[in-house]
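Peer 1: Just passing along the structure, written as structure tokens.
The values are calculated or read from the model by the stated rules, or taken from the named source; none is laboratory data. All values derive from a computational prediction rather than experimental measurement. Positions of Cβ are backbone-derived with ideal geometry, glycine not excepted, and every protein chain shown enters the neighbour counts.
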Amino acid sequence: MTVWIMRRPEDDIAAELAGSSGPLARVRLAVKDNVDVGGVPTTAACPEYAYLPEHDAPVVAALRGAGAVFVGKTNLDQFATGLVGTRSPYGAVSDSRRPEYISGGSSSGSAVAVATGQADIGIGTDTAGSGRVPAGLQGIVGIKPTVGVISTEGVVPACESYDCVTIFARTLDTANAAMAAMGSAVGPRSWPTNTRLAAPPQPTVAIPSELPALDETWRNAFHAAVERLRAIGATIVEIDLAPFLAAAKLLYEGALVSERYAATGEFIDANPEAALDPTVAQIISNARDIPAHWLVRDRAEVQRLRREAMISLAGADALLVPTAPLHPTIEQVAADPIGVNAAMGTYTNFCNLFDLCGVAVPAGTAGDAQFGVTVLARAFDDAVAFDIAAMVTGDAVGQDVWPAASTLSHELAVFGAHLKGGPLEFQLTDLGARWIGPVRTAPKYRMAALHTTPPKPGLTRSEEDGVSIGGEIWRLSPAALGTFLAQLPEPMLLGKVECDDGLWRTGFGCDGAAARAGTDISEYGSWPAAIAAGAVG
């Protein structure tokens, strides 16, 4: 299947795996060969282009620093130009299950290495869908972060304004752990102070009102994924995909492709005898003489279409689309390399142009083919996309979804109506807060049932006769915590609460006079226990 351009000896890999440590210990890492690994040639699938980097790209260094073991460089569509996986002098990368079919590209080798178990995680890149299309066709997970939050230093550019580094894995858990590690390779964009750290418990998800290029079998598979979301309480709304599709065409058919010439065009022009894929060379060379004012015009058109598209998404937390509209054979691609490739990008090309993040996940099979869907969300809503993707697959999601580890956030200890399932939980989830888990105070607190509507507990510190009180921890962005504090009604207060693990966390307290006027319920040890015992009126 020509997955590898370079692979380390198995004995070397085994020795390093045995001695690895960290959160990604014994995880085998495949690296797309347009991403630098120190001391290993980077070819971008063109032998004559190869250079020898001294250092790992920051994303590779981050993963290896977390314990992942580099196993080799993987094949790709040359210069990351394509969504098919066949445009390489090293050979076409075929589907992991059906060798006459394409793997999807351009991150073909990394996706197939993961799908076949030759690697546990794979680095890909994504400009037009290269970190999502292969995931969909290979039945694995692909995470494409918000543009700019992860470093692209040490990556051969395709369209530098829109390039992202991505992760492939067989499960959401593994992909999340890899993204959490890779997130330390920070890019030029910072997470905003109002970053949402979780999806709402019952999100609103938009879907296309029309599904171009999908046959009946794939339509049925897509609607089955939609119904899984609806069954767990998601609100489904239909939108017109026209502005998204119009922008998708601009990525290759308009002047934006001139960025590809800026990246590698001079090399192609100067090396006509190099092992150049003819389709790739044609696409890039044809962009050489595009007038600058066309690029300005098309970028303005992208922004106009983006505004139109975002209006249609108003009120929705995410957009669910098929990852790819079809799974062609290698022969079909050879017969129509431009047309088939364009069709493959129907639901992906607009993503980076519109500054969306995405999580591609398996969604069953359609006939003999793997079928996948992608959850797309607004810039910096990476945790929202991840959570909704987990709702599609039915996977449990832990507290440490990767963007939360990469952003400035605060823990909030709650003890009453804001507990998970409580009547005021929505005040936290509406702010994108993430539930972390249970907590108990140090044995230095008293709790009273306050005379409020709805009833609330009041927590006060008591060194003399305090007990340990049970509660929960939520994580919020700084702006969300500020908004929450501004809306806090009297007599409630926010301050530092000492927990039984020795940490002091921001938490709920109340005015001492209000607590004294209430009913002491400390003996029950928590607000839910007091309610269950009938001690709260």
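Peer 1: Only one residue in S184, S130 is in a loop (DSSP other than H, G, I, E, B) and surrounded by 24 or more Cβ atoms within 10 Å (Cβ to Cβ), so which one is that?
Peer 2: Values: S184 fails: surrounded by 24 or more Cβ atoms within 10 Å (Cβ to Cβ).
The conditions single out S130.
Peer 1: Just to be sure I understand, how many residues within the stretch 217-257 are of a type outside the set (K, R) and under 30 Å from A292 (Cβ atoms)?
Peer 2: Of all residues in the stretch 217-257, those of a type outside the set (K, R) come to 217-218, 220-227, 229, 231-248, 250-257.
Remaining after also requiring under 30 Å from A292 (Cβ atoms): 242-248, 250-257.
Here the count works out to 15.
Peer 1: Now for a separate question. Taking K420 and the conditions (1) assigned by TED's automatic domain parsing to the domain that holds L459; (2) outside any loop (DSSP other than H, G, I, E, B); (3) surrounded by fewer than 18 Cβ atoms within 10 Å (Cβ to Cβ), which numbered condition does it fall short on, given that it satisfies the others?
Peer 2: (2)
Let's see how each residue does on (1) modelled with pLDDT of 95 or more; (2) more than 22 Å from the chain's Cα centre (by Cα):
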| residue | (1), (2) |
| --- | --- |
| S190 | no, no |
| F222 | yes, no |
| R228 | yes, no |
| L250 | no, yes |
| E266 | yes, yes |
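Every residue, every condition in (1) of a type outside the set (S, T, Y); (2) within 12 Å of G104 (Cα to Cα); (3) at pLDDT below 95; (4) assigned by TED's automatic domain parsing to the domain that holds L356, yes or no:
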{"residue": "A115", "(1), (2), (3), (4)": "yes, no, no, yes"}
{"residue": "T125", "(1), (2), (3), (4)": "no, no, no, yes"}
{"residue": "A135", "(1), (2), (3), (4)": "yes, yes, no, yes"}
{"residue": "I150", "(1), (2), (3), (4)": "yes, no, no, yes"}
{"residue": "V156", "(1), (2), (3), (4)": "yes, no, no, yes"}
{"residue": "Y162", "(1), (2), (3), (4)": "no, no, no, yes"}
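Peer 1: A further question on this structure: So in the stretch 423-445, with the set limited to residues that are touching a Lys or Arg at 6+ places or on another chain (Cβ under 8 Å) and more than 14 Å from S477 (Cα to Cα), which one is surrounded by the most Cβ atoms within 10 Å (Cβ to Cβ)?
Peer 2: Among them, the one singled out is Y445.
Peer 1: Mind counting the residues in the stretch 499-524 that are in contact with a strand residue (DSSP E or B) (Cβ under 6 Å, 6 or more places away or on another chain) and farther than 21 Å from L485 by Cα?
Peer 2: Matching residues across the stretch 499-524 total 6.
A quick yes/no check of all residues on (1) under 30 Å from I150 (Cα atoms); (2) in contact with a helix residue (DSSP H, G or I) (Cβ under 9 Å, 6 or more places away or on another chain); (3) of a type outside the set (A, V, I, L, M):
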{"position": "G367", "(1), (2), (3)": "no, yes, yes"}
{"position": "R378", "(1), (2), (3)": "yes, yes, yes"}
{"position": "F386", "(1), (2), (3)": "yes, yes, yes"}
{"position": "H418", "(1), (2), (3)": "no, yes, yes"}
{"position": "G432", "(1), (2), (3)": "yes, yes, yes"}
{"position": "W435", "(1), (2), (3)": "yes, yes, yes"}
{"position": "A442", "(1), (2), (3)": "no, no, no"}
{"position": "Y445", "(1), (2), (3)": "no, yes, yes"}
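Peer 1: Still on this structure: Being within 18 Å of P157 (Cβ to Cβ), outside any strand (DSSP E or B) and acidic (D, E), is that true of even one residue in the stretch 71-83?
Peer 2: yes
Peer 1: Do we have any residue at all in the stretch 449-467 that's crowded, with 16+ Cβ neighbours inside 10 Å, free of Cβ contacts under 8 Å to residues at least 60 places away in the same chain, assigned to a helix (DSSP H, G or I) and in the same structural domain as G525 (by TED's automatic domain parsing)?
Peer 2: First, pick out the residues of the stretch 449-467 that are crowded, with 16+ Cβ neighbours inside 10 Å: 449-450, 452, 455-461, 466-467.
From what is left, the residues that are free of Cβ contacts under 8 Å to residues at least 60 places away in the same chain are 452, 456, 459-461, 466-467.
The next check asks that each one be assigned to a helix (DSSP H, G or I); those that pass are none.
Checking the stretch 449-467: not a single residue is crowded, with 16+ Cβ neighbours inside 10 Å, free of Cβ contacts under 8 Å to residues at least 60 places away in the same chain, assigned to a helix (DSSP H, G or I) and in the same structural domain as G525 (by TED's automatic domain parsing).
Peer 1: For A405, are the conditions met, namely being assigned to a loop (DSSP other than H, G, I, E, B), surrounded by fewer than 19 Cβ atoms within 10 Å (Cβ to Cβ) and at pLDDT below 95?
Peer 2: Details: assigned to a loop (DSSP other than H, G, I, E, B): no; surrounded by fewer than 19 Cβ atoms within 10 Å (Cβ to Cβ): yes; at pLDDT below 95: yes.
When the stated conditions are applied, A405 does not pass them.
Peer 1: Filter the stretch 485-515 down to residues that are surrounded by fewer than 12 Cβ atoms within 10 Å (Cβ to Cβ) and over 20 Å from I436 (Cβ atoms) and give me whichever is modelled with the lowest pLDDT.
Peer 2: This residue is E490.
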